[in-house]
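Nothing in this text is a laboratory measurement; each read-out follows from the coordinates by a stated rule. Since the model is a prediction, treat every value here as computed from it, not as a measurement. Here Cβ is always computed from backbone atoms with ideal geometry, including for glycine, and neighbour counts include all displayed protein chains.
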Amino acid sequence: MIEDIWKHHQKAWRRIVLAASLGVLFLAILDLSIGSVYIPAIEILKALFGSSNNEVWQSIVIEFRLPKTLSAISVGIALSLSGLIMQTLFRNPLAGPFVLGISSGASLGVAVLVMGSIWLPLAVSGISTVVAACLGSSMVLLVVLSMANRLKDTTSLLILGLMFGSAVGAFVSILQYFSNPEEVQGYLFWTFGSLSGVSWSELQILLPIILVGLIVTIAISSSLNILNLGDDYAISSGVNLKRMRYLIIGITSLLAGVTTAFCGPIAFIGIAVPHITRLIINSSNHKHLTILVALIGAGVMLICDIISQLPGFAQSLPINAVTSIFGAPLIIWLIMRRRKMVAF
């Protein structure tokens, strides 16, 4: 009986994964089609295979839209995975790289690099931006993790993340005050979030890092399942709790740091997508959650990118604004739902 239920669950999960994969593929083609110039889907496929007769469309797809679409998929995977493993680590459904100040730490690292030339004459490049963002996110996550061991309740942890975000914002304001207008403008545009600014050379850094993060997350899925049951159970099961925590810190900092470095601080994806996934499959098994979270995260970011293009208009919206509009109502609903559950 149990074996039959397990087989049925596996088949249902495979069907959902297949449907999600096809959905991501459809959204990717739609994202490539939409822009200031509409390109039919058949021409998109021809351009991807290098057989398009229209050289202008071929250039638009390969040089501009394909890097943006790959960036959307990569960012969706990275932020969703970091949110999933952070919620497991803290055993807190409202944990995420943006809410707990991890993205703010990455923003601080980039701000110091871009606007800190008065004190630190550092060269701004793709590699240095990634390193600065990862160092900033790592520092904040280490502090939050050390405080979380003392503050067990959700409210205190969220307030802690809010305070870190405020402190980071104050320090960035000081940097802006002493920086020249060009540096301030460059940082301001970076904070809006953008997927279109990622080049092929930067994707060569972004894609391998996110692939490594995905592989490592899949590899530790069994340990994450054990960790989800509590520290005492994890220790008794042979999980090295300290090593696992630092591994999760490293993965989260790398994923959140590299995406923030290249695409700016993108809010709410990390916290919203894991909850959407759990609502779809109603499971806490990370062996199933990890793959599906990555696929749904990619799909959600593609949807947000399509919306940000404002089809039919010449302008486009900052991607961070679109993800906030999408994610904020979901977080409010989750908080209200938890309050109702507590009330009963």
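Long hydrophobic helices in the chain: the complete DSSP H runs spanning 24 Å or more by Cα along their own axis with mean Kyte-Doolittle hydropathy of at least -1.0 are 2-33, 66-90, 126-148, 154-178, 200-219, 241-263, 286-308, 319-343. For the chain, the relative contact order works out to 30 percent when only alpha carbon pairs closer than 8 Å and six or more residues apart are counted.
Given a Förster distance of 35 Å, report the FRET efficiency between residue 41 and residue 315 from their Cβ-Cβ distance, rounded to the nearest 0.05. After rounding, the FRET efficiency stands at 0.90. Comparing Cα centroids, region 48-72 and region 194-251 end up 32 angstrom apart. Does region 163-250 come out rounded, prolate or oblate, given a ≥ b ≥ c as the square roots of the eigenvalues of its C-alpha gyration tensor, rounded meaning a/c under 1.5 and, failing that, prolate meaning a/b above b/c? In terms of gyration-tensor shape, oblate. Between residue 207 and residue 188, the contour length at 0.36 nm per residue exceeds the alpha carbon distance by 4.3 nm.
With each label modelled as a point 7 angstrom along the Cα→C-beta vector, the residue 237-residue 143 pair spans 3.2 nm.
Listing 31, 305 from the residue with the fewest other Cβ atoms within 10 Å to the one with the most, what is the order?
Arranged by neighbour count, lowest to highest, 31, 305 become 31, 305.
Take the Cα of residue 276, go 7 Å toward its beta carbon, and the backbone nitrogen atoms of region 65-81 under 17 Å from that spot belong to 69-81.
Spin-label model, residue 12 to residue 222: label points 7 Å out along the Cα-to-beta-carbon direction sit 2.5 nm apart. Taking amide H as placed 1.01 Å from N in the peptide plane, residue 264 has its amide H under 5 Å from the amide H of 194, each at least 5 places away in sequence or on another chain. Taken along its principal axes, the alpha carbon cloud of region 65-343 reaches lengths of 55, 45, 39 Å, longest axis first.
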